[in-house]
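Novice: Input: one structure, supplied below.
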Amino acid sequence: MSATLGFFTQNELDAVVGYSRRRQRLVEGNVLPPGQRVKTFGQEPIIFPEFAVAGLVAERPSPQDEPLLRHLASAAAGLYETASFSAMATVLRTALRGRKGWQLDDLVAVLLERAADELVAWREQVAEAERQLAEAGIRLSIDVGRIEDVSDAGYRVALVDSGDIITVAVNAARTALPKGMWVTRDLVELGARKGELLVPTVAPDMLATMPGNAWAPDTDEAQWDEMFRNVDFKPVVVPMVCDAAPDAAGSRGDLVRPKRRLSVRANRALYANANTMVRSSTSTPATAR
């Protein structure tokens, strides 16, 4: 399963809700959990856990929604108190000092370089918080995808894990998102309320080198797959030759006890079609996602 980053900043959240002042009003109205500001000399990022968007399906909360929204706020506050978040914030505070502009990619690159283990721990803690929220009636299903096309009918999003191309309504984000953007498609259940959201994120390739990333493809296996992708040949069976059946009493448990070396010369004609370096002229390289 494709890994998610586990957080976003005010920039990505503003794209979902429309603009910064609306985000602030939603936080003040307890619809969104308060983010945690990383104070530095420059543009200060505000970090939100990925499950913070669940509150958006109850933009005008009823009294029945309020306990669920309190669960969201409490879960977010608990994450801000963890050692992993403290270490990540320290790294970001130093790296962004004096910078007036940054993007989510910049933050992730810094964390992968200087606090990769802490980022892994944070993601695990976010996943645990989401399991506890599910028990309270707040459920999220998050898929990583890329916007392939935008039309009046909605966004056509190619999902990484399944390869499916789905259509997501245009109001899944208040700000128009461009073609080619990486997003998470979040299906949210907040009690009886349900909603679908698109949240900007980083390309999954950025997370492929993260320690303990179980979903990242094995490099060696991927290289072998690419090497043999267009090779068409039949395997050659080479029989094993021995002088005689080994004596049961004298073998002492050995499966094979060779008595002399055999010189075997391979018939080159059998392997004429097994050139592993040949690539089809019609093949196209796999597109990184």
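The numbers here are math on the coordinates, done by the rules we state, and not lab data. All values derive from a computational prediction rather than experimental measurement. Ideal geometry is used to build each Cβ from the backbone, glycine not excepted, and the neighbour counts take in all protein chains shown.
Novice: Which whole number of Å³ per residue matches the convex hull of the alpha-carbon atoms in region 82-124?
Specialist: Values: hull volume 2.6 nm³, N = 43.
Taking only Cα atoms, region 82-124 has a hull volume of 60 Å³ per residue.
Novice: Treating only the Cβ of Lys, Arg, Asp and Glu as charged (+1, +1, -1, -1), what charge dipole size does region 76-146 show about its Cα centre? Round to the nearest 20 debye.
Specialist: 400
Novice: Just want to confirm a number: the relative contact order over region 131-202, from Cα pairs under 8 angstrom separated by 6+ residues, in percent.
Specialist: The value is 32 percent.
Novice: While we're on this one: Which value in Å is the Kirkwood Rh of region 55-138 over different Cα pairs?
Specialist: Mean inverse Cα-Cα distance, inverted, gives 14.6 Å.
Novice: How would region 134-219 be classified by its alpha-carbon gyration tensor: rounded, prolate or oblate, with rounded meaning a/c under 1.5 and the a/b versus b/c comparison settling the rest?
Specialist: oblate
Novice: Would you work out if region 1-47 is rounded, prolate or oblate? Take a ≥ b ≥ c from the square roots of the eigenvalues of the alpha-carbon gyration tensor; rounded if a/c is under 1.5, else prolate when a/b is larger than b/c, oblate otherwise.
Specialist: In terms of gyration-tensor shape, oblate.
Novice: Looking at region 1-92, which chymotrypsin sites (Phe, Trp or Tyr not before Pro) are in a loop (DSSP not H, G, I, E or B) and have at most 16 other Cβ atoms within 10 Å?
Specialist: On the way: sites: Phe7, Phe8, Tyr19, Phe41, Phe51, Tyr80, Phe85; in loops: Tyr19, Phe41.
Hits after loop and neighbour filter: Tyr19, Phe41.
Novice: Can you find, among Tyr155, Ala192, Ala115, the residue farthest towards the positive end of the dipole of region 34-192? Put +1 on the C-beta of Lys and Arg, -1 on that of Asp and Glu.
Specialist: Ala115
Novice: What shape does region 70-204 take by its C-alpha gyration tensor, where a ≥ b ≥ c are the square roots of the eigenvalues and a/c under 1.5 counts as rounded, a/b above b/c as prolate, and the rest as oblate? Spell out each step's value before the answer.
Specialist: Working: a/c = 2.09, a/b = 1.25, b/c = 1.67.
Oblate.
Novice: Another question about this same structure. Using the basic label-point model (7 angstrom from Cα toward the beta carbon), what is the Asp106 to Ala192 distance in nanometres?
Specialist: In this crude label model, Asp106 to Ala192 measures out at 4.6 nm.
Novice: Determine the relative contact order of region 20-71: mean sequence separation of Cα pairs under 8 Å and six or more apart, normalised by residue count, in whole percent.
Specialist: 34
Novice: From the residues Ser84, Ala73, Pro45, which one has its Cα farthest along the dipole of region 36-143 in the positive direction, the dipole being from +1 and -1 charges on Cβ of Lys/Arg and Asp/Glu about the Cα centre?
Specialist: Result: Pro45, furthest along the dipole toward the positive end.
Novice: Please go through region 69-158 and write out the GluC sites (Glu not before Pro) that DSSP classes as loop and that have at most 10 other C-beta atoms within 10 Å.
Specialist: On the way: sites: Glu81, Glu113, Glu118, Glu124, Glu128, Glu130, Glu135, Glu148; in loops: Glu81.
Listed in order of number, the matching sites are Glu81.
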